[in-house]
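Each remark here refers to the structure printed beneath this line.
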Amino acid sequence: MSDTTGESSVQARSVGDAAIIYASDYLNKLSGERIERECKRQLESGHRTLIINFRDTEIVNSIGVSILVGVIDAAEKSTARLIFSDVNNHTAELFQMLGLTRHVSLVSSEDEALSLISEAQP
Amino acid sequence: MDTNTQRLLHTFSALADLGQEIAAAGDFDEMLRTSFHLLLGSLAIRRGAVAEYEREPGSVRFVATRGLGESLSGPLALSTDHAQRLSSLGSSISLADAGKEAQRFLEDHKDAFASVEIDLVLPLVVREELIGLVLLGEKATGEKFTDEDLEVLSALSRHIGVGIRSHRLLDEIGHKADENLRLYEGLRAIYKETVRAFAAAIDIKDRYTQGHSVRVGKYSEIIAREMGWPDEEVEGITIAGYLHDIGKLIVDLSVLNSPGRFNAKEQKEMNRHPYAGYEILSPISHPYADIPLMARYHHERMDGNGYPDGLKGDQIPPGAKIVTLADSFDAMTTDRPYRKKLPLEDVLADFRVNTGTQFDPEVVCAFCRAFLKEIEGSKERRLLNLLNRNYSNMERLSPMLSQMLSEFDGGGDTRAASAAGN
Ligand SMILES: [Fe+2]
């Protein structure tokens, strides 16, 4: 059911016009730039919503934050919606403190993210 | 964890990571990109650039940019007097100056920046020489930069400046190892200063133990030096002392500041702090070994009755044993909510009774030796100065210290005797 796309090991799949990208533990190193490139690629290919799933992401450091800020920029430029799912409490607090939550919706699961999108487009 | 603590931890780990990144002899371009991510991510800054200054022909060349679009490709002119002004501002730049420089830079290059907002310009200055510039846009919060932000950004920028400069040195003359080493030592100093500020934050949370972490760091340093540890490890244990109680940042504040002795439930909450400290420190890359382990094991006992792991004797890392003694010494020589500070005779008597069961005899001896040398005047007064005006007439302690030294020097036997005696 999931088509895995993108460069080497960034996992992503499409659901309608939404793309789900898995942050994994790439985010906190230079390899996080792959995630950003993957997000931009998904936007260019016409996805209107990006859902980044953090289920395998234990902590997010400053590199990760910088990468995510880059993704926020890219999403805003193409007026796409950005949703973060499965963010643990500690990380959610960090995102709140740093102001990322002003630009992104946080939800607890992919399902919730998908239902959020369908609410928005009845 | 409260917001301030979290902010502190987030920026602290950015600084530690950046120090590591600069010191690692990796690919220059990757070093720069990583450093720039760390700088922007420390405060979630939305756009910015790092530019290298080239005196000939008097321009800055962008080496890393984020969120500035394509317009900033070519080098931009930077007049000699502007460069001079920037280098004279140095690393002690104020928020107002950083804003003013941003304005001036934007005005000079209206075309290049078009619609891009730059709020701060920080000069990268190493040894009074302008190395480059860091340009920064707004934060994701949309809030204005604060003095505290600027402090973080300056520390991080200094690292990037050193990184660029040492790369240049390598380029120009192949090797100039001494020079580089000195620059890196400067970075370690920044790291240490940050940790010290951090320790002060830990102590502020626990209002009964103000200054405790910093003193424990210094006592640990004195003991380790007396034990003949090499400089690098002595520095490491000083840091470990500063950070040993960092786990208290996540212990319930009401427990931390409850007057009187703890009840069982409060004690349980309090006993979480060594492991919590280990968890906080583990993901951070420190320039010294084993810092997280020293936080974890500073309440272990030689007889295995300590916590959290109940390690025994040699299972406990030597550094943790030093921090344990330093911690106890400071606890007993300062006022606590449930008791006044103890007379030094009582402190030494406590050490004596608990050597072998709680404390390592070797560490106790090193402590006694250092103490004795300071009293006799054969060593600079550091321990005595830390104890400050609280105590006087230390000479009377000399016989006690000498006796403990003769009892415990030699280790193993006394350990058995002391354990049997209890
Ligand atoms: Fe402690």
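The values are calculated or read from the model by the stated rules, or taken from the named source; none is laboratory data. Being a predicted model, the structure only gives us computed values, none of them experimental. Here the Cβ positions follow ideal geometry from the backbone for every residue, glycine too, while neighbour counts run over all protein chains shown.
Of everything in the stretch B:100-127, what is more than 21 Å from B:PHE62 (Cβ to Cβ) and either buried (at least 18 other Cβ atoms within 10 Å of the Cβ) or at pLDDT below 85 (or both)? Give them in sequence order. Of everything in the stretch B:100-127, just one residue is more than 21 Å from B:PHE62 (Cβ to Cβ) and either buried (at least 18 other Cβ atoms within 10 Å of the Cβ) or at pLDDT below 85 (or both), namely B:ARG127. Out of curiosity, is B:GLY90 touching a residue at least 24 places away in the same chain (Cβ under 8 Å) and either within 14 Å of chain A (Cβ to nearest Cβ) or in contact with an Asp or Glu (Cβ under 9 Å, 6 or more places away or on another chain) (or both)? Spelling it out, B:GLY90 is indeed touching a residue at least 24 places away in the same chain (Cβ under 8 Å) and either within 14 Å of chain A (Cβ to nearest Cβ) or in contact with an Asp or Glu (Cβ under 9 Å, 6 or more places away or on another chain) (or both). crowded, with 21+ Cβ neighbours inside 10 Å and modelled with pLDDT under 95: is that true of B:LEU136 in this structure? No.
Number of residues in the stretch B:236-250 that are more than 11 Å from the ligand (Cβ to nearest atom) and at pLDDT below 85: the value is 2. Could you check how many residues of the stretch B:43-62 are away from every other protein chain (no Cβ under 14 Å) and part of a strand (DSSP E or B)? Of the residues in the stretch B:43-62, 8 are away from every other protein chain (no Cβ under 14 Å) and part of a strand (DSSP E or B). Taking each residue of the stretch B:261-277 that is without any contact (Cβ under 8 Å) to a residue 12 or more places away in the chain and looking for partners that are near the ligand (Cβ under 9 Å from one of its atoms) with beta-carbon atoms closer than 9 Å, six or more apart or interchain, yields B:PHE262/B:MET270. Cβ separations smaller than 6 Å between residues 6+ apart or across chains give the following pairs from the stretch B:333-344 residues that are more than 13 Å from B:SER392 (Cα to Cα) to residues that are among the small types (Gly, Ala, Ser) and in a loop (DSSP other than H, G, I, E, B): B:TYR338/B:GLY260. Condition test on B:MET31, is it within 10 Å of chain A (Cβ to nearest Cβ) and at pLDDT below 75? Criteria not met by B:MET31. Identification of strands (runs of 3 or more DSSP E) wholly contained in the stretch A:1-107 with 2 or more residues that are modelled with pLDDT of 90 or more, surrounded by fewer than 23 Cβ atoms within 10 Å (Cβ to Cβ) and more than 9 Å from every other protein chain (Cβ to nearest Cβ) yields A:12-15, A:18-22, A:81-85, A:105-107.
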